[in-house]
Structure formats: C-alpha cells, structure tokens
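> Questions regarding the structure given below will be posed in turn.
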Amino acid sequence: MPDGRLAICPATSPENHFVFENKAVSTAPYTAMVDQIALDTFETTIRITELFDEESGLRERAEKAAARMEPLKIGEDGRLLEWDKEYPETEPHHRHCSHLYGLYPAQLIRDPALLESCRQSLLARGDDGTGWSLAWKICLWASIKDGDHAFSLIRKQLHFVTDPNAAYPSPGGTYASLLCAHPPFQIDGNFGFTAGLAAMLLQ
C-alpha cells in the first residue's frame, strides 16, 4: 500500500458484489475477509513459534507483517467495511458475513468500537439465510455475547423443513433426518450449529 501498510491485492468477498461505475463487481483492491485471514495466519504463526521456541526469525517476520496489516475500517453507518471503502451494495441482506471472519472464527476483533461495528453489520444483514448462514450467524452473535439473539437463530435453525427441493431464499431449518436444510443439504449447517452452541456456552 502507498502508506506502507500490507494488504492482499486484489481480493473478493465470497459471492458478494458491490456497485462501481453502475456495474456489479466483486473484485476490490482489498477486502476485510482476505486481510483478516492473512492476519489470522500471522498471529497463529506467532503463537506456534512461541510454543516451540522457534528461533529461525519466522516469529519476528510474522510480528512485523501483522503490525503492518491494513486495519479494519468502520463505515459512516457504523458497520464494518467489507471492501476497501464504502460502496453501494447489490445485496444488503446477503447470506454471507465474510467481512466478520475476524470476529468468528478467527477471534481477532476485541476493540469495543469494532465489536459494535460487527453488531451493526449483523443487524443490517438480517436473520434470514440458508442453514449454514444461520449457523454462522449463531456463532457471530455468540461471539459478541448476545445470547438472546443467538438463541433466536437456534430456534430458526430448528424450524422443520419438509420440502427438500425448496429454492433459496429460504429461512434455513432442519429436515426430519436432523440434517441442515440449505436447501439442499449442506453439512456446514450442522457443524456450524454445534459450534454455535459451544460458543454460547463458552461466552
């Protein structure tokens, strides 16, 4: 970056688009999710090298890189920015919450202002979604310690779905087999649901 910061360039935010010059585009100079994955990798590397008392200089390089990563930004409406700057969104209620990767699963976001921006992002995205989307939102709400909202999504996830051919958009839910309704079935919803329950207990 011109200011000496580090970012992964170019980057996307999975399956989501924004409006640029009257067109729906997906690629930006950098995105919150991709940069948070990089930062998560650096921080994990630091912890591992500390655990094994690694002396090759890897930890020092990871620490320097982590310190230079482009910081997360908050938009004018209080939400965490998904892309390098504030763009009009093509789907404001998109099922993905990719820009909140640093909240869950990475657990990188601890600053109160950033946590509040994550909450505003979740409120703006809404509570609808496929099974795996609901599961991720359960984990995200648990991570900001809003147990009531997480529990409301658990109830939504346990909604009984009878039609395996229902098309998205859908409120998600669960089939009689207890498998998650995407639809069709995707295991992410089951695994994410149990992860969300664990996160609620830990928080």
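> Neighbour counts of other C-beta atoms within 10 Å: give me Met1, Met69 arranged from fewest to most.
Ordered from fewest to most neighbouring Cβ atoms within 10 Å, Met1, Met69 come out as Met1, Met69.
> For an R0 of 30 angstrom, estimate the FRET efficiency from the Cβ-Cβ distance between Gln107 and Tyr87 and round to the nearest 0.05.
Efficiency, rounded to the nearest 0.05: 0.65.
> Taking the Cα centre of the range 38-143 as origin and charging only Cβ (+1 Lys, Arg; -1 Asp, Glu), how large is the dipole, in debye to the nearest 20?
140
> Would you work out the charge dipole size for the range 127-203 about its Cα centre, treating the Cβ of every Lys and Arg as +1 and the Cβ of every Asp and Glu as -1, and quote it to the nearest 20 debye?
Rounded to the nearest 20 debye, it is 120 debye.
> Would you look at the GNM of the chain, springs on alpha carbons closer than 10 Å, and say which of Gly173, Gly129, Gly147 moves the most?
Maximum among the listed residues: Gly147.
> Between exposed GluC sites (Glu not before Pro) in the chain, where DSSP calls loop and at most 11 other Cβ atoms lie within 10 Å, what's the longest gap?
77-203
> Please arrange Lys156, Lys137, Lys85, Lys73 by how many other C-beta atoms lie within 10 Å of their C-beta, fewest to most.
Fewest-to-most Cβ neighbours within 10 Å comes out as Lys85, Lys73, Lys156, Lys137.
> With +1 on the Cβ of every Lys and Arg and -1 on the Cβ of every Asp and Glu, and nothing else charged, how large is the dipole of the chain about its Cα centre, in debye rounded to the nearest 20?
Values: 18 positive and 28 negative charges, 72 e Å.
Rounded to the nearest 20 debye, it is 340 debye.
> Does anyone have the angle between helix 32-51 and the longest principal axis of the chain? Alpha-carbon axes, 0 to 90°, nearest 10?
With rounding to tens, the tilt is 60 degrees.
> Where is the GNM fluctuation largest for the chain (alpha-carbon springs, 10 angstrom cutoff): Phe191, Phe52, Phe160?
Fluctuation is largest for Phe52.
> Based on Cα coordinates alone, diagonalise the gyration tensor for the chain, multiply each eigenvalue by 5, take square roots, and list the semi-axes in whole Å, largest first.
31, 22, 15
> Which of the listed residues, Thr12, Ala198, Ser143, is farthest toward the dipole's positive end in the chain, when Lys, Arg count +1 and Asp, Glu count -1 at the beta-carbon?
Checking the options against the dipole of the chain, the answer is Ala198.
> Around Tyr101, what is the net charge, scoring Lys/Arg as +1 and Asp/Glu as -1 over all other residues with Cβ under 10 Å from its Cβ?
On the way: positive: none; negative: Asp35, Asp40.
Net charge around Tyr101: -2.
> A further question on this structure: So, counting K/R as plus one and D/E as minus one, what does the shell of residues with Cβ under 15 Å around Cys9 add up to?
-1
> May I ask for the distance between the Cα centers of the range 5-28 and the range 66-95, given as a whole number of Å?
The two parts, judged by their Cα centres, are 11 Å apart.
> Still on this structure, please answer the following. Just rank His99, His159, His149, fewest to most, by other beta-carbon atoms within 10 angstrom.
Result, fewest neighbours first: His159, His149, His99.
> Further question on the same structure: Is the range 127-203 best put as rounded, prolate or oblate by its Cα gyration tensor, with a ≥ b ≥ c the root eigenvalues, rounded for a/c under 1.5, and otherwise prolate when a/b is larger than b/c, oblate when not? Each step should come with its number before you reach the end.
Details: a/c = 2.30, a/b = 1.95, b/c = 1.18.
Taking the square roots of the gyration eigenvalues as a ≥ b ≥ c, the range 127-203 is prolate.
No lab work stands behind these numbers, since they all come straight from the coordinates. Everything numeric in this text was worked out from a predicted model, so none of it was measured. Cβ: placed from backbone, ideal geometry, glycine included. Neighbour counts: every protein chain shown.
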